[in-house]
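Worksheet for the structure shown next.
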Amino acid sequence: MTEEFISQEKFEELTKELEELRTTRRREVAEQLEYARSLGDLSENAEYQEAREMQSAVEERIQKLEAILKSAKIVRGTKTDSVGMGSLVSVQKLASDEKHTYTIVGAEEADLFSGKISYHSPLGNALLGKKKGDEFSFHTPKGTQKYKILKVE
C-alpha cells in the first residue's frame, strides 16, 4: 500500500476504531459464535453463519485499518497561497455561476456532502498546486470540466 495522507484527527479516530474492533467487537463476535454453536447443527444454523460473516467483516476492517495506519503520513494544513492537503478552496465552474468550497483531504476522510474531497479524486488532484485566480481543467466520465479558483485558505 502506498503512503496515505491523513489529518491528525482522522489518525486518532481510526486508531480508536481499531482499538474498539480489537477489544470489544472481537469479544462480542466470539460470544455470538459460542452461542450459535450451542444451538446445535452448524450446517443449518443461520445464527452461526451470521456470526461467521460478522467475524469476517470485523477481521477485514481490522486489517484495512492496520494497513492505513501503518502507511499513514499525518499532514497539517499549512497556510500557503497554493492548494495542498488541508486547504480550503473555493472554485467556480467556468461558463456557470456554480460555486463550491472544498477542503482537500485524504481518501479516508473524503465526504462530498461535508465539502471534503480526496486529493485522489479528479477535481482534488487537478487542484493541487494551483493558486487563486488559476483556471484549470480535468477529465471526468462526463467530459472535460473547467474551473477557476476563487480563494485558497
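Worth pointing out:
- With respect to (1) over 21 Å from Asn125 (Cβ atoms); (2) assigned to a helix (DSSP H, G or I); (3) assigned by TED's automatic domain parsing to the domain that holds Thr144, the lone exception for Glu108 is condition (1).
- Of the criteria (1) surrounded by fewer than 13 Cβ atoms within 10 Å (Cβ to Cβ); (2) at pLDDT 90 or above; (3) farther than 23 Å from Gln8 by Cα; (4) not aromatic (Phe, Trp, Tyr), which one Gln92 fails: (1)
- Flag for Ser38 being at pLDDT below 95, at negative phi and touching a strand residue (DSSP E or B) at 6+ places or on another chain (Cβ under 8 Å): no
A quick yes/no check of all residues on (1) among the small types (Gly, Ala, Ser); (2) under 14 Å from the mean Cα position of the chain (by Cα); (3) assigned by TED's automatic domain parsing to the domain that holds Lys148:
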position: Glu31; (1), (2), (3): no, no, no
position: Ala46; (1), (2), (3): yes, no, no
position: Met54; (1), (2), (3): no, no, no
position: Arg61; (1), (2), (3): no, yes, no
position: Leu65; (1), (2), (3): no, yes, no
position: Lys70; (1), (2), (3): no, no, no
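- Residue list for the stretch 100-148, filter: surrounded by 15 or more Cβ atoms within 10 Å (Cβ to Cβ), charged (D, E, K, R) and within 20 Å of the chain's Cα centre (by Cα): Glu108, Glu109, Lys116
The values are calculated or read from the model by the stated rules, or taken from the named source; none is laboratory data. None of the values given here were measured: they were computed from a predicted structure. For neighbour counting, all protein chains shown are included, and Cβ atoms are generated from backbone atoms with ideal geometry for every residue, glycine included.
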